[in-house]
Amino acid sequence: MVALRCTRKLLDRIGPPNVVTGPSTTVLGDWFANLIYVSRQRFILLVSEHSRLPVLLPGRDVKHLADNFPEALSQVLLGLGISPLVFKREVKETREAVIAATNNRSLLGTLNEFAFMMRFRLEDNPNANLVDIALWLSDTIVGPLGLEAPGEATKRLLAKMPGI
């Protein structure tokens, strides 16, 4: 089970949040999501709680965020070179998702930083591949991770996955 912790702007389109009764069972933790506008296009940007890994989705189908997230996550993990055995276990845990409200200001800051960066990338190339943009963002050093980029933090955390 994973909690998709959405900003108020996103919850206004999805509906009211659920109460989260326990911690996420994923290695990467809860995912924080925001609705981002670039020109006339809408995107959903998600960031992992533990590694700050970004995932991007088109924003036209926000009500099915929980259904569309696992596939988008698997594409980013595949792009990072995570072994299929490892990423399939992580993605499997995200198939049961709860929509919740955000609860961490630091992660909201990371969402804002990534949104600022992705806007420039998408304004230059509006038809860019969202997985490529997520992988580009995953190479960015993020303050809360010290000197580690989200892509490297993700690899490190998934390498410690129990049973692997």
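The values are calculated or read from the model by the stated rules, or taken from the named source; none is laboratory data. This one's a predicted model, so the numbers in the text were calculated from it and none came from an experiment. Neighbour counts run over all protein chains shown; Cβ positions are idealised from the backbone, glycine included.
Applying the condition of being at pLDDT below 95 and among the charged types (D, E, K, R) to the stretch 108-123 and asking which residue is surrounded by the fewest Cβ atoms within 10 Å (Cβ to Cβ) yields Glu123.
Whenever a residue of the stretch 1-14 is without any contact (Cβ under 8 Å) to a residue 12 or more places away in the chain, its partners that are crowded, with 19+ Cβ neighbours inside 10 Å, lying with C-beta atoms within less than 9 angstrom and at least six residues away or across chains, give the pairs Asp12/Leu35. Restricting Val62, Val98 to residues that are touching a helix residue (DSSP H, G or I) at 6+ places or on another chain (Cβ under 7 Å) and either modelled with pLDDT under 95 or not charged (D, E, K, R) (or both) narrows the list to Val62.
If we scan the stretch 69-84, do we find a residue that is out of contact with any Pro (no Cβ under 7 Å at 6 or more places or on another chain), at pLDDT below 95 and surrounded by fewer than 19 Cβ atoms within 10 Å (Cβ to Cβ)? Yes: one or more hits.
Just checking, which of Pro126, Pro162 is part of a loop (DSSP other than H, G, I, E, B), closer than 30 Å to Arg40 by Cβ and at pLDDT below 95? Can you show your working first?
Numbers: Pro162 fails: closer than 30 Å to Arg40 by Cβ.
After applying the criteria, what remains is Pro126.
Filtering the stretch 85-107 to residues that are surrounded by fewer than 16 Cβ atoms within 10 Å (Cβ to Cβ), outside any loop (DSSP other than H, G, I, E, B) and touching a residue at least 60 places away in the same chain (Cβ under 8 Å) leaves only Leu85.
The set of residues in the stretch 3-24 that are among the polar types (S, T, N, Q) and loosely packed, with under 14 Cβ neighbours inside 10 Å comprises Asn18, Thr21. Within the stretch 54-67, not a single residue is in a strand (DSSP E or B), more than 13 Å from the chain's Cα centre (by Cα), among the aliphatic types (A, V, I, L, M) and at negative phi.
Only a single item in (1) more than 15 Å from the chain's Cα centre (by Cα); (2) over 22 Å from Leu145 (Cβ atoms); (3) among the basic types (Lys, Arg) is not met by Arg105, and it is number (2). Among the residues of the stretch 133-152, those that are surrounded by 15 or more Cβ atoms within 10 Å (Cβ to Cβ), touching a residue at least 12 places away in the same chain (Cβ under 8 Å) and over 20 Å from Leu85 (Cβ atoms) comprise Ile133, Ala134, Leu135, Trp136, Leu137, Ser138, Thr140, Val142, Leu145, Pro150.
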